Amino acid sequence: MMTRVVFLSVAIAFAPVTATAASCRGNPDALGTARTIEVEAKSTPRVGRKQFPSTLPLQAKELVLTFDDGPWPGTTPKILDALKNECVRATFFLLGRNAAANPQLARRALAEGHSVGHHSYSHPLLDHMPVAKAEAEIDRGIAADEMALYGERRTTPTTPFFRFPGFASNGPLLNRMSERGLVVFGADVWASDWERMTPDQELHLILSRIERLGRGIVLLHDTKAQTAQMLPAFLRELRRRGYTVVHVIPAKGHGIGR
Ligand SMILES: [Zn+2]
């Protein structure tokens, strides 16, 4: 294990945005996905400065888009449509119970090239329960997601990305995730889309927060109608303001349990 090359595998594929846009059929003005970075728990066990000391190695004006709590009928399809129209690849953190109820939507996200990680089964605050019980809840979620995505009920995730519901973690749980090779995602900026607001208010709020920060992991919820409504305008505005999107994928051969 010690001899394995350990690195934050940053696939430095600085593909020009224009090249991505050119391959985005039907939308020459698409935002596109500028580059992809690979992450693994050994070198980047936790990312997102709202919760942790460090985040992904993003350049100025680079954003990673993430969506939590789906898949959800009515809103997730709109989110996927908007991302597809702009050739943007994002990361979805599924709730197991929603993946079990809507497996076709989970598989659609996967088929359209997004990263699909895990967010527990039913969204409890995991830091408020014994570690074993919390881990059972995490595993139940992973198993439901894997079943929906790949037809196999297993607790070794194909994409070892996890986000704690409500960011409610603790030392022992974070250690367990590291031991299991799961990268824990926090966030750098969010839209507060769990609060009621109009799509236009949400758009202005998230843009102002992004402008203040300049880069980072953006947290949105694909279960929220206001987010689904504002997303097309949000993506257009990001392009207009010179932002680019980075897609995060697991490092090849992340080697958990295989
Ligand atoms: Zn959540």
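Here the stretch 85-178 is assigned +1 on the Cβ of each Lys and Arg and -1 on the Cβ of each Asp and Glu. Its dipole about the Cα centre then comes out at about 80 debye. Ranking 39, 149, 82 by Cα position along the charge dipole of the chain, where only Lys, Arg, Asp and Glu carry charges on their C-beta atoms, puts 39 farthest toward the positive end. Dipole magnitude for the stretch 179-250: computed about the Cα centre from +1 point charges on Lys and Arg Cβ and -1 point charges on Asp and Glu Cβ, it is near 260 debye. Remark: the chain carries a charge dipole of roughly 440 debye about the Cα centre, counting +1 on each Lys and Arg Cβ and -1 on each Asp and Glu Cβ. Under 5 Å from the amide H of residue 118 lie the amide H atoms of 94, 161, 162, 163, each residue being 5 or more positions distant or on a separate chain, with H modelled from the backbone and absent for Pro and chain starts. In sequence order, the stretch 165-171 has phi-based couplings of x, x, 6, 8, 10, 8, x Hz under the Karplus curve 6.51 cos²θ - 1.76 cosθ + 1.60, θ = phi - 60°, and Gly or Pro positions carry x.
With just the Cα atoms defining each centre, how far is the stretch 209-230 from the stretch 20-99? Give it in Å. Their Cα centres are 11 Å away from one another.
Rounded to the nearest whole Hz, the Karplus-based 3J(HN,Hα) values (6.51 cos²θ - 1.76 cosθ + 1.60, θ = phi - 60°) of the stretch 54-67 follow the sequence 9, 9, 5, x, 9, 7, 4, 6, 9, 10, 10, 9, 10, 10, with x at glycine and proline. Considering helices alone, the calculated mean residue ellipticity of the chain at 222 nm is -11000 deg cm²/dmol, with DSSP H runs of length four and up weighted by -39500 (n - 2.57) and normalised per residue. Simple rule: put +1 on each Lys or Arg Cβ and -1 on each Asp or Glu Cβ in the chain, find the dipole, and look at 219, 59, 98; the Cα lying farthest toward the positive end is 59.
Within the full protein context, the accessible area of residue 84 is estimated at about 120 Å² for a probe radius of 1.4 Å. Close amide H contacts of residue 190 (hydrogens built in the peptide plane, cut-off under 5 Å, sequence separation of 5 or more or a different chain): 219. Along each principal axis, taking the top coordinate minus the bottom one, the Cα set of the stretch 107-253 gives 45, 33, 25 Å in descending order. For the chain, the C-alpha radius of gyration sits at 0.95 times the compact-globule guess of 2.2 N^0.38 Å, with N the residue count.
For residue 36, the residues whose modelled amide H falls within less than 5 Å of its own, excluding neighbours fewer than 5 places apart on the same chain, are 13, 247.
Ranking of 115, 169 by solvent-accessible surface, largest first: 169, 115 (1.4 Å probe, protein heavy atoms only, all chains present).
The peptide list 174-180, 93-99, put in order of mean Cβ contacts within 10 Å with the highest first, becomes 93-99, 174-180.
The values are calculated or read from the model by the stated rules, or taken from the named source; none is laboratory data. These numbers come from a predicted model, not from an experiment. With ideal geometry, Cβ positions are generated from the backbone for all residues, glycine too; neighbour counts draw on all protein chains shown. All accessible areas refer to the heavy atoms of the entire protein, side chains included, with ligands and DNA or RNA removed. Shrake-Rupley method; radii C 1.70, N 1.55, O 1.52, S 1.80 Å.
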